[in-house]
Every structure is written in C-alpha cells, then in structure tokens.
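The values are calculated or read from the model by the stated rules, or taken from the named source; none is laboratory data. Just so you know, these numbers come straight off a predicted model, no measurement behind them. Virtual Cβ from ideal backbone geometry, glycine too; neighbours counted across all protein chains shown. Just so you know, the surface numbers come from the protein's heavy atoms only, side chains and all, with ligands and any DNA or RNA stripped out. Shrake-Rupley method; radii C 1.70, N 1.55, O 1.52, S 1.80 Å.
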Amino acid sequence: MIFVMDVGNTQTTVALYRKRQLVDRWRLSTARHRTQDEWGSVLHLLFHANQLDMTDVRGVAISSVVPPADAPLRAMCRRYFKCEPLFVAPGIKTGVPVLYDNPSEVGADRVVNAVAVLARHEVPAIIVDFGTATTFDVLDAKGNYVGGAIAPGLSISAEALFEKTAKLPKVEISRPQRVVGKSTVQSMQSGLYWGYVGLVEGLLKRMKKELGPVKTVVATGGLAQVIAPDCPSVSVVDDNLTLEGLRIIFERNAEERPAAE
C-alpha cells in the first residue's frame, strides 16, 4: 500500500492506496510543531480504528507547504513506516514542465494538482484549489504548467473581517439564501460567500480571455463543494485531486526511492 500526505497551512489530508485504488482518506489539523512521535501516534490511531496495519505501507509521498513540519514527518516515516518518504520538490519526476520564471517558487501542492489534472482531465485546464489560500493554476494544451494566481482564502477573509473590526462577530461560512442580508450575520455571510463567488468567476473570466479556449476548470480543496456549485465556470469538482497527484508522482519515482536506514 502507498500512503500520501498533503500538508497544508491549515489542514493535512492523508490517504491510503492499494493497487491504485483509494482505500480511505482522512483530514487532520496541521500542527506546525507536532513531533515525529505525535504524528506517528495520530496515524497509528487512524490505521487501528480502520483495521489497517502501518507495516503494510511500502512507500510514502508527501506534499508540504509547511517547512517546520518536514523534518518531523521524515523522521516519522523512517520510524513508523520503515521507509524514506518522497517529498515533492525540485528534481523529482513529475511529467509536467513548469514554465514559471523561477520554478522552485511554485508550491508543491500546485505541482501535484497539475500532475493529477494532466492524468485525469482534458487540457488546456485551470485548477482552482480552495485552501488557506485559493490558488488558480493553468495547464496549456501541451500539458505545461504556465502560471496562475493566488488569492486570500475564504477562511482567511472571514477571520480578517472579524479581527480587524470592532463590532463584527465571527460567522460560519455557508451559502446564504439571500444576497441582501437582514441581519449583521446574514450580511457578512452574503458578502463573504457571494463576494468570493464573484472573485472566482472574475478571475476565471479574465484568465480565459487571456489564454483562449479552456477545456476544463477543476475545483478542489476543502471549500470546493461549498463554493463551486455557484460558479458556472467550474466544470468539475475533484476532491481527491491532490491525493491522486501524489500517488502518480510516487509511482513515477518509485524505482529511485532508497530504503530507510
């Protein structure tokens, strides 16, 4: 079995694959200073609760945008999975040329998403990943990663509205029934939700105008199921996009992976 981890700024999504089939997936909070044994204990509980055995894992692939977590995760894999993890980083085989001015600046999760889209969807394509930040990434007709855009995530926007104002409360991010709110909470929810739909649709419209015809717009990430239904430009929601990309990258690099010492 193959174990994959997508370590984001707010949440970490992990999944287990057996013969390219998804066995199970879990979502955890990202604790930047969690130790190797704390990571190991959390994963051991997940495996045990689902009648799975960590010793059956033969390889681990990790996409991380949280550098302080990398060393503990590497040590955890060596101790608990008895293998050297594959971190998505410059120099590994992805199959996707990155045509950024400085390719090393592209976040690992964005590269992983591009790999999965190229394998699962038609290009040219735009990927919208609703995470802590919302990223827009573009693949051209040849499968090249050509760039994108980064916007504050919806959760960040909601938190900033609460922290930077004296009287506005924290509100749940949800789809309001009306655009015109009849209370402070309803008005905030409307501004956050429908304002964010406008942001997504506006950026996608401008990207398509600049790029020309786009065959697929793929939405993924924690809030994709919430926002995408009101975004007519989105073609498909793919919740497992990053996880599938990690599995594909692991397979492309499997023969070169060293064993843990």
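Here are some residues: 176, 169, 232. Which one is under 25 Å from residue 110 (Cα atoms) and either open to solvent by less than 60 Å² (accessible area, probe 1.4 Å) or at pLDDT 90 or above (or both)?
Details: 176 fails: under 25 Å from residue 110 (Cα atoms); 169 fails: under 25 Å from residue 110 (Cα atoms).
Exactly one of 176, 169, 232 is under 25 Å from residue 110 (Cα atoms) and either open to solvent by less than 60 Å² (accessible area, probe 1.4 Å) or at pLDDT 90 or above (or both), namely 232.
Being open to solvent by 20 Å² or more (accessible area, probe 1.4 Å) and over 19 Å from residue 197 (Cβ atoms) is the filter here; which residues of segment 128-147 pass it?
Within segment 128-147, 140, 141, 142, 144, 146 qualify.
Considering only residues that are over 15 Å from residue 2 (Cβ atoms) and part of a loop (DSSP other than H, G, I, E, B), which ones fall in segment 71-91?
Result: 89, 90, 91.
Inspect segment 149-162 for any residue being at pLDDT 95 or above and open to solvent by 40 Å² or more (accessible area, probe 1.4 Å) and give the result as yes or no.
Yes, there is a match, as at least one residue in segment 149-162 is at pLDDT 95 or above and open to solvent by 40 Å² or more (accessible area, probe 1.4 Å).
Could you give every pair whose Cβ atoms fall below 7 Å, whose first residue belongs to segment 83-97 and is farther than 13 Å from residue 63 by Cβ, and whose second residue is in a loop (DSSP other than H, G, I, E, B) and open to solvent by less than 20 Å² (accessible area, probe 1.4 Å), counting only separations of at least 6 or pairs across chains?
Qualifying pairs under 7 Å: 96/143.
Assuming residue 75 fulfils every condition listed in (1) within 30 Å of residue 143 (Cα to Cα); (2) small (Gly, Ala, Ser); (3) surrounded by 13 or more Cβ atoms within 10 Å (Cβ to Cβ) apart from one, which condition is it?
Single failed check for residue 75: (1).
Any residue at all in segment 181-201 that is assigned to a strand (DSSP E or B) and surrounded by 17 or more Cβ atoms within 10 Å (Cβ to Cβ)?
Scanning segment 181-201, I find no residue that is assigned to a strand (DSSP E or B) and surrounded by 17 or more Cβ atoms within 10 Å (Cβ to Cβ), so the answer is no.
Can you pull out the residues in segment 2-24 that are surrounded by fewer than 16 Cβ atoms within 10 Å (Cβ to Cβ), touching a helix residue (DSSP H, G or I) at 6+ places or on another chain (Cβ under 8 Å) and at pLDDT below 95?
Listed by number, the residues that qualify are 10, 20.
Identify the single condition in (1) modelled with pLDDT of 95 or more; (2) of a type in the set (A, V, I, L, M); (3) out of contact with any Lys or Arg (no Cβ under 8 Å at 6 or more places or on another chain) that residue 125 does not satisfy, given that it satisfies every other one.
The number of the failed condition is (3).
Would you mind finding the one in 119, 108, 125, 114 that is buried (at least 21 other Cβ atoms within 10 Å of the Cβ) and over 20 Å from residue 8 (Cβ atoms)?
125
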